[in-house]
Amino acid sequence: MLQIDAITKTYQGTPAVKDASFTVARGELVCLLGPSGCGKSTLLRIISGLTDCDSGSVKIEGVDMTATQANRRPTAMVFQSHALWSHMTVAQNVGFGLRVRGLPKAEIAAKTAAVLDLVGLGAFAKRLPAELSGGQAQRVALARCLVVEPKVLLMDEPFSALDAHLRKGLREELKALQGRLDLTTIFVTHDQEEAMELADRIVVMQGGRVEQVGPPGALYQNPSTLGVAQFIGAMNTCTTTVRQGVAEWYGLDLRMAMPDGEVALLCRPEDIYPDTMGAAARVTRVIDLGPVTKVNLMTEAGDLLTWTCPRDQAPDLGRVLTLLPRRLHAFRDGLRVGLAQSPLPAQTAGAPA
Amino acid sequence: MKRTPFGGLILLVSMGLAMLGPIVTVILWAFAVKWRYPHLLPTEWGMKYWFAMLGRETVMTPVLTSLALTSIATTAAALICWPAAYAFARLKFPGRQLLLFSFIAAQAVPKFALFVSIAVIFLKLGLVGNFWGVVLVQMLSAVLFMIWIPTAAFRGIPPALEEAAFDLGASRLRVFLFITLPQAMPALAASYVLAFVSILFEVDSALLIGAPTITTMPLLLMTLSSKVIVQEAAVLCVMIWVPCFALMMLSRRFMTARGIAQGFGA
């Protein structure tokens, strides 16, 4: 459906997007996720045609659109600022795309009314944008795009200016609508929770590069780079050195089947379990988050560690626990070099003498 | 019980008098037939001087000339300056800031000196004493209002508004006509009215370029004011004031404080 191939864009010598490639299937919702300034919005604008790229190509249904102006592309964009035209009513805003296409008035009115009903704003047609709440305004902005039946819907952080509660509601509405209309959608966000919840697949971007593309679960379970691992979800990061198949993890020697050298060992807070042979750390804070409890710990060497455990297993403050990792992701030079499942301490039976 | 602040009341009345006093006096004079010391108000009212003025061709011709000159000069300036202002606001070209400031620089030169040098050139071109010569010079008076206020207004429109329209399939021209222009309208209207009024009251250009064939309303006012009949000058004053006031009231809808403040870069 949509093919992004080796897009590169440089702003006055500073690269904004570097060699970005990915594809989007029909009806798929893909999130571009990354910290601010990672080039995700620039990439979205390149897909829309509002910004041109230095090299690479954008293909929609196999047709090369790279040289096509934004107003001739079958894409429509929802802006973060909703960008409604304050001098037009809601209905005029929504009907604009049809008006410039030269459709007869009756048809514009009918389609506009239908789309406004679809986003639940049928009664607001005669209002001015200034009379709408933030959530309503963003729904009108969405309706304005839907009415022209774009082949690809582009959304540039559409909900980030709204409060958390509203954001959640709109997210679910959008997902339902997108599924029902089978809309091919690219959704830019810096909020990983939003991306995890919405996306069929996530494109993680950092420093203008595409770091990893995959379904939310896969990114979380098997991050392919250190950047992705640290950006998506929480991680306990321990930088250490492997010597003869042994690496020190928070003061405890673990057996690691990998070549010698420096390595970053990352472990999710929920992938830690108490074990008598584990690394010792003192509980410095216990935070009851409701469904789980977050426990902050400090090792003897002063390293900080986070463990999330079921509520009934929450330890007392000040206690010294011994912990082992269940899944330990290893990265070298920023790239994934291995995953250790329940690595054992070096002193256990079978360890080299 | 709320006490009326006495000092505040005095301040209000004196400020009101200071602002409205001159206008009220002029209006009173325009309808006074006899008004001698020590009477506070005219002793005899009437439209006598109005009929006298309106009947005189030497009065009506300059009034009509002025209205025609000002309308043409302001509209022509708008047609040239507004697109230029859009370019200043949206396009990046070398020397943009320098050019923008050159309009202020030109405004800082004493007008009279400027017009003398222009008159020398116009004399060779046969534009002195010519209606279009005066239009051309008067357009200069509009440039500051017509460039600076609209530039700031165009700059104040979020680019996303234009991009959204372009993205939905509108051509560049349609984006400008349907989105940019209506969004900038308050400030554009303000710039038009300010330019119109400043051109209408502009004396030097007509004096230097228009003379002796083109006489404008302000020129006539100068001549009348130097004579003894106060009423004639007052009648003419009211005649100038009415269209200006009407125009300002008409555009009041557009001339929000924000619109004007935007013009000066707020």
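The values are calculated or read from the model by the stated rules, or taken from the named source; none is laboratory data. Keep in mind that this is a model prediction, so the values were computed, not measured. We place every Cβ from the backbone using ideal geometry, glycine too, and count neighbours over all the protein chains shown.
Quick check on segment B:148-169. Is at least one of its residues more than 14 Å from every other protein chain (Cβ to nearest Cβ), polar (S, T, N, Q) and within 18 Å of B:L79 (Cα to Cα)? It would help to see each step written out before you state the result.
If we filter segment B:148-169 for residues that are more than 14 Å from every other protein chain (Cβ to nearest Cβ), which is where we start, we get B:148-152, B:154-155.
Next cut, polar (S, T, N, Q) only: B:151.
Adding the requirement that they be within 18 Å of B:L79 (Cα to Cα) leaves B:151.
Yes - at least one qualifying residue is present in segment B:148-169.
Considering each of B:T215, B:T223 in turn, give the residue that is within 22 Å of B:P243 (Cβ to Cβ) and surrounded by fewer than 18 Cβ atoms within 10 Å (Cβ to Cβ). It would help to see each step written out before you state the result.
On the way: B:T215 fails: surrounded by fewer than 18 Cβ atoms within 10 Å (Cβ to Cβ).
Answer to the check: B:T223.
Filter segment A:308-327 down to the residues that are assigned to a strand (DSSP E or B) and more than 25 Å from A:A257 (Cβ to Cβ), then identify the one that is farthest from the chain's Cα centre (by Cα). Give the steps one after another, and end with the answer.
To start, the set of residues in segment A:308-327 that are assigned to a strand (DSSP E or B) comprises A:308-310, A:320-325, A:327.
Now restrict to residues that are more than 25 Å from A:A257 (Cβ to Cβ): A:308-310, A:320-321.
On the way: A:T308: 22, A:C309: 25, A:P310: 26, A:V320: 36, A:L321: 34 Å.
Residue satisfying both the conditions and the ranking: A:V320.
Go through (1) over 22 Å from B:T151 (Cα atoms); (2) surrounded by fewer than 13 Cβ atoms within 10 Å (Cβ to Cβ); (3) among the hydrophobic types (A, V, I, L, M, F, W, C) and name the single condition B:L69 misses.
(2)
Can you work out which of the residues in segment A:170-207 that are in a strand (DSSP E or B) and of a type outside the set (A, V, I, L, M) is nearest to A:F22 (Cα to Cα)? Reasoning before the result, please.
Of all residues in segment A:170-207, those in a strand (DSSP E or B) come to A:184-189, A:201-206.
Subset that is of a type outside the set (A, V, I, L, M): A:184-185, A:187, A:189, A:201, A:206.
Values: A:T184: 14, A:T185: 14, A:F187: 14, A:T189: 17, A:R201: 11, A:Q206: 15 Å.
Looking at residues that are in a strand (DSSP E or B) and of a type outside the set (A, V, I, L, M), I get A:R201.
Any idea which of B:Q107, B:Q183, B:Q138 is in contact with a His (Cβ under 7 Å, 6 or more places away or on another chain) and either of a type outside the set (S, T, Y) or within 12 Å of another protein chain (Cβ to nearest Cβ) (or both)?
Details: B:Q107 fails: in contact with a His (Cβ under 7 Å, 6 or more places away or on another chain); B:Q138 fails: in contact with a His (Cβ under 7 Å, 6 or more places away or on another chain).
From the options B:Q107, B:Q183, B:Q138, the qualifying one is B:Q183.
Kindly indicate whether any position in segment B:203-216 is part of a helix (DSSP H, G or I), at pLDDT below 75 and of a type outside the set (A, V, I, L, M, F, W, C).
The initial filter retains those residues of segment B:203-216 that are part of a helix (DSSP H, G or I), namely B:204-210.
Going one step further and asking which of them are at pLDDT below 75, we end up with none.
Checked segment B:203-216: no residue is part of a helix (DSSP H, G or I), at pLDDT below 75 and of a type outside the set (A, V, I, L, M, F, W, C).
Can you pull out the residues in segment A:109-157 that are assigned to a helix (DSSP H, G or I), surrounded by fewer than 18 Cβ atoms within 10 Å (Cβ to Cβ) and within 14 Å of chain B (Cβ to nearest Cβ)?
Hit for segment A:109-157 is A:A130, nothing else.
Restricting attention to segment A:69-79, does a residue exist that is crowded, with 21+ Cβ neighbours inside 10 Å and farther than 17 Å from A:P150 by Cβ?
Within segment A:69-79 (the criterion being crowded, with 21+ Cβ neighbours inside 10 Å and farther than 17 Å from A:P150 by Cβ), the answer is no, since none of the residues qualifies.
Count, please, the residues in segment A:17-40 that happen to be surrounded by fewer than 22 Cβ atoms within 10 Å (Cβ to Cβ), in contact with a strand residue (DSSP E or B) (Cβ under 8 Å, 6 or more places away or on another chain) and either without any contact (Cβ under 8 Å) to a residue 24 or more places away in the chain or farther than 22 Å from A:L177 by Cβ (or both).
6
If you go through segment A:149-174, how many residues are in contact (Cβ under 8 Å) with a residue 40 or more places away in the chain and touching a Phe, Trp or Tyr at 6+ places or on another chain (Cβ under 9 Å)?
6
Inside segment A:1-90, counting only strands (runs of 3 or more DSSP E) that do not spill past its ends, which hold 2 or more residues that are more than 11 Å from chain B (Cβ to nearest Cβ), under 18 Å from the mean Cα position of the chain (by Cα) and within 20 Å of A:L153 (Cβ to Cβ)? Quick ask: steps written out before the conclusion?
Values: elements: A:2-11, A:14-24, A:29-33, A:55-60, A:75-78.
By residue number, A:14-24, A:29-33.
So which of B:I149, B:I260 ends up being modelled with pLDDT under 80, part of a helix (DSSP H, G or I) and among the aliphatic types (A, V, I, L, M)?
B:I260
List pairs: first residue in segment A:181-203 and closer than 11 Å to A:M155 by Cβ, second residue among the polar types (S, T, N, Q) anywhere in the structure, Cβ distance under 6 angstrom, at least six positions apart or on different chains.
So the pair list comes out as A:T185/A:Q178; A:V188/A:S41.
Go through segment A:267-309 and give me each residue that's hydroxyl-bearing (S, T, Y) and over 24 Å from A:A229 (Cα atoms).
If we filter segment A:267-309 for residues that are hydroxyl-bearing (S, T, Y), which is where we start, we get A:273, A:276, A:284, A:293, A:299, A:306, A:308.
A:T276, A:T284, listed by residue number.
Going residue by residue through segment A:280-287, is there one that turns out to be touching a residue at least 60 places away in the same chain (Cβ under 8 Å), in contact with a strand residue (DSSP E or B) (Cβ under 9 Å, 6 or more places away or on another chain) and more than 20 Å from A:P223 (Cα to Cα)? Steps first, answer last, please.
Let us first name the residues in segment A:280-287 that are touching a residue at least 60 places away in the same chain (Cβ under 8 Å), namely none.
No, every residue in segment A:280-287 fails to be touching a residue at least 60 places away in the same chain (Cβ under 8 Å), in contact with a strand residue (DSSP E or B) (Cβ under 9 Å, 6 or more places away or on another chain) and more than 20 Å from A:P223 (Cα to Cα).
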